[in-house]
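Encoded as structure tokens, the structure appears first; notes follow it.
The values are calculated or read from the model by the stated rules, or taken from the named source; none is laboratory data. What you see is a predicted model; the values in this text were computed from it and never measured. A quick note on method: Cβ atoms are made from the backbone with ideal geometry, for glycine too, and the neighbour counts reach across all protein chains shown.
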Ligand SMILES: [Mg+2]
């Protein structure tokens, strides 16, 4: 029995400022049926309070604490890992989220216990040099997500945090230590713990196979892929080549 449904946001519940068809009635229909509804986004430029305000403005009856962003997930991870003093890459709202959790944000990368990395408002070589210092001291680097690009208004794409991380990793000579955003199962784990449900009682709904569906698979819950691009959909999805024989025979 499904007791919690987790929706991805951009590309699933809304597109920028436009609400997806049937999103509001589906969310309220689940709530009416007593199913917990949660939202899970790799966004790093805003926290749950900002996203919640936007969604309420769109007509969703949603509480801030039901929204999970990868920036809040990084902070939660940092608390669990016992980090108290960190170097932060990211916008002002990200730094505020870290400070609000009682973790000190230091601008001196040499004295930080770890680096927490969100999408910087202005990616620079200086930021990468600072991460090299953290890596050189064998301190962990924890990132919000590894998305190569992210969507903005009008369907355009911009370079995402994954692009910045690739440059930083090249300079550091090693991968970052942990990425908490999807396709990592970390956020789904937090949601399951907060809702007190197990993976078998959760369904993840999203538009990206490599992010939403992959996270669900890594966590062990079921997933639904919202595929609106019918023009690119195959007629058959097979898991092994013998099924071609059955398809051809079935077509007569
Ligand atoms: Mg999406």
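Within region 205-229, track down each residue that is in a loop (DSSP other than H, G, I, E, B), within 13 Å of the ligand (Cβ to nearest atom) and crowded, with 19+ Cβ neighbours inside 10 Å.
Hits for region 205-229 are 207, 208.
Out of the residues in region 120-156 meeting the condition of being farther than 13 Å from residue 89 by Cα and loosely packed, with under 11 Cβ neighbours inside 10 Å, tell me which one is nearest to the ligand (Cβ to nearest atom).
155
Please pick out the residue among 200, 192 that is in a helix (DSSP H, G or I), touching a strand residue (DSSP E or B) at 6+ places or on another chain (Cβ under 9 Å), over 23 Å from residue 146 (Cβ atoms) and away from the ligand (no atom under 16 Å from the Cβ). Show your work before the answer.
On the way: 192 fails: over 23 Å from residue 146 (Cβ atoms).
Of 200, 192, the one residue that is in a helix (DSSP H, G or I), touching a strand residue (DSSP E or B) at 6+ places or on another chain (Cβ under 9 Å), over 23 Å from residue 146 (Cβ atoms) and away from the ligand (no atom under 16 Å from the Cβ) is 200.
Quick one: would you say residue 154 is within 28 Å of residue 124 (Cα to Cα) and out of contact with any helix residue (DSSP H, G or I) (no Cβ under 9 Å at 6 or more places or on another chain)?
The answer is yes for residue 154.
Let's see how each residue does on (1) more than 16 Å from the ligand (Cβ to nearest atom); (2) crowded, with 18+ Cβ neighbours inside 10 Å; (3) at pLDDT below 95:
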position	(1), (2), (3)
27	no, yes, no
50	yes, no, no
57	yes, no, no
72	yes, yes, no
79	yes, no, no
102	yes, no, no
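Of (1) closer than 17 Å to residue 4 by Cβ; (2) out of contact with any helix residue (DSSP H, G or I) (no Cβ under 6 Å at 6 or more places or on another chain), residue 187 satisfies all except one. Which?
All conditions pass for residue 187, except number (2).
Step by step: first the residues of region 234-248, then only those that are more than 30 Å from residue 180 (Cα to Cα) and surrounded by fewer than 11 Cβ atoms within 10 Å (Cβ to Cβ), then the one that is nearest to the ligand (Cβ to nearest atom). Which residue is that?
The residue in question is 234.
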